[in-house]
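Structure, as structure tokens:
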Amino acid sequence: MSKANPVESAAPVEATSAMPIGLCMPEIRGNEWKYVKDCLDTNWVSSVGPYVDRFEADMTRYVGTKHAVATVTGTAALHTALLVAGVKPDDEVLVSTLTFIAPVNAIRYVGAWPLFIDAEPMYWQMDANQIADFLDKGCVWVDGTVRNKSTGRRVKAILPVHILGHPVDMDPILGLARKFGLVVIEDATEGLGAKYRGRKVGHLGDIGCFSFNGNKIITTGGGGMIVTDNGAWAAKAKHLTTQAKDDPTEFIHGEIGYNYRLTNLQAAVGCAQLELIEAYIASKRLIAARYTENLGVVPGLTPMQEAPWASSTFWMFTLLVDRACYGQDARSLLRLLAANRIQARPLWQPSHRSPAHHYCGTSNCPVSEHLNSVAISLPCSVGLTSPAQKKVIELIAAANTR
Ligand SMILES: *Cc1c(COP(=O)(O)O)cnc(C)c1O
């Protein structure tokens, strides 16, 4: 600090006491500096390098799949997964409507159409009963493929999104996929480290996708990963994400590829982050337990649940606000938190309501719409201190006006 007058030198202290409490911030406390320095010292900064290979290998070990292919974002991973799984233009893909919009956009990138599936009310994940209903009543078999009766299009895949760190109830969905010959592409971008009946999310369907965006449980700044046991699909994913070079010296490209590679610099951060993921998950679960204990007793507040068959990471801690019992609604509580410089947010607009996907017509997904109006996500960074969390808890508990 240089030549500050007394007024100026007082300022940072004031700023600290009124520090905003972030929603879900990156946690950098491991080997990130060391590994990034190694990249810079060795000049391996770009899209090939030892950390890319290591990050892929580390992810296969962590998730349990045979293969992993690093990508520049989670959205790129989803786009590539849809391509390698054989989803074609004018196919239809069953997808969770209550999700961040990326998987729905990716379905459109390949020219296919989303069919929106509502959430179940207990854990807020994709509802297998609705899928069964649609496949049993809304579809017919034509020449060995399942077609949507009302559009005549082929139904090709199911894309469950494990939201908020909790797994989707996958067994019924996998059963339906087998019965109707559909591929299962998991959007596990919010679920790294979560388990379903003892198995890691991302290794439940045919192919899975992760994200290492800044607010995910581990980050590379930006990045993604495709995981699968299917060797041919993994090879194809690697090929497509590196511009589909058939002959790299003569620049022969047999099809249209993409520049979707993760850099060695980013992968170096990813390797360091993955080393600490179990500690990060433990922090998330502790934060969730404290919220649940202290806010679960406030009339009108319902914390997110963990299913008996699940091990959730509680990546994004979320609760429901019942205006009649609590005295104010979720949006007014969000305003109160914002006024106190506490970052919180509602759940996403359900995708079937999104202006970007207006063509989908009149999907009926009442559970997602209800959750969108009553849910709020609270600060749950791995590094959230217990005094900061106490401040959030006390503010919310005191705001109950009934
Ligand atoms: C974060 C996220 C993605 C992908 O995110 P990128 O920012 O592209 O890495 C995809 N789906 C869901 C549900 C997500 O939350």
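Right, Glu275: at pLDDT 95 or above, surrounded by 13 or more Cβ atoms within 10 Å (Cβ to Cβ) and of a type in the set (Asp, Glu) or not? Against the criterion (at pLDDT 95 or above, surrounded by 13 or more Cβ atoms within 10 Å (Cβ to Cβ) and of a type in the set (Asp, Glu)), Glu275 qualifies.
Out of Asp187, Asp206, one residue alone is at pLDDT 95 or above, crowded, with 18+ Cβ neighbours inside 10 Å and within 16 Å of the ligand (Cβ to nearest atom). It is Asp187.
Condition check: without any contact (Cβ under 8 Å) to a residue 24 or more places away in the chain, surrounded by fewer than 13 Cβ atoms within 10 Å (Cβ to Cβ) and within 22 Å of Thr97 (Cβ to Cβ). Does Pro387 satisfy that? Taking the combined requirement at face value, the residue does not satisfy it.
Does Glu27 qualify as being surrounded by 16 or more Cβ atoms within 10 Å (Cβ to Cβ), modelled with pLDDT of 95 or more and closer than 19 Å to Pro387 by Cα? Spelling it out, Glu27 is indeed surrounded by 16 or more Cβ atoms within 10 Å (Cβ to Cβ), modelled with pLDDT of 95 or more and closer than 19 Å to Pro387 by Cα. If only residues of segment 67-84 that are near the ligand (Cβ under 8 Å from one of its atoms) and open to solvent by less than 10 Å² (accessible area, probe 1.4 Å) are counted, the one that is nearest to Thr220 (Cα to Cα) is Gly74.
A search for C-beta distances below 8 Å between a residue of segment 218-241 that is within 14 Å of the ligand (Cβ to nearest atom) and any residue that is of a type in the set (Lys, Arg), counting only pairs 6+ apart in sequence or on different chains, returns Thr241/Arg261. Residues that are buried (at least 22 other Cβ atoms within 10 Å of the Cβ) and more than 30 Å from Val110 (Cβ to Cβ): does segment 260-268 have at least one? For segment 260-268, residues buried (at least 22 other Cβ atoms within 10 Å of the Cβ) and more than 30 Å from Val110 (Cβ to Cβ): present. In segment 149-184, of all residues being at positive phi and open to solvent by 10 Å² or more (accessible area, probe 1.4 Å), the one that is nearest to the chain's Cα centre (by Cα) corresponds to Gly181.
Can you confirm whether segment 85-94 contains a residue that is assigned to a loop (DSSP other than H, G, I, E, B) and within 15 Å of the ligand (Cβ to nearest atom)? Taking every residue of segment 85-94 in turn, none turns out to be assigned to a loop (DSSP other than H, G, I, E, B) and within 15 Å of the ligand (Cβ to nearest atom).
The values are calculated or read from the model by the stated rules, or taken from the named source; none is laboratory data. Here the structure is a predicted model, which is why all the values come from computation and not from measurement. Cβ atoms come from the backbone with ideal geometry, glycine included; neighbour counts cover every protein chain shown. Side chains included, ligands, DNA and RNA excluded: accessible areas come from the protein's heavy atoms. Shrake-Rupley method; radii C 1.70, N 1.55, O 1.52, S 1.80 Å.
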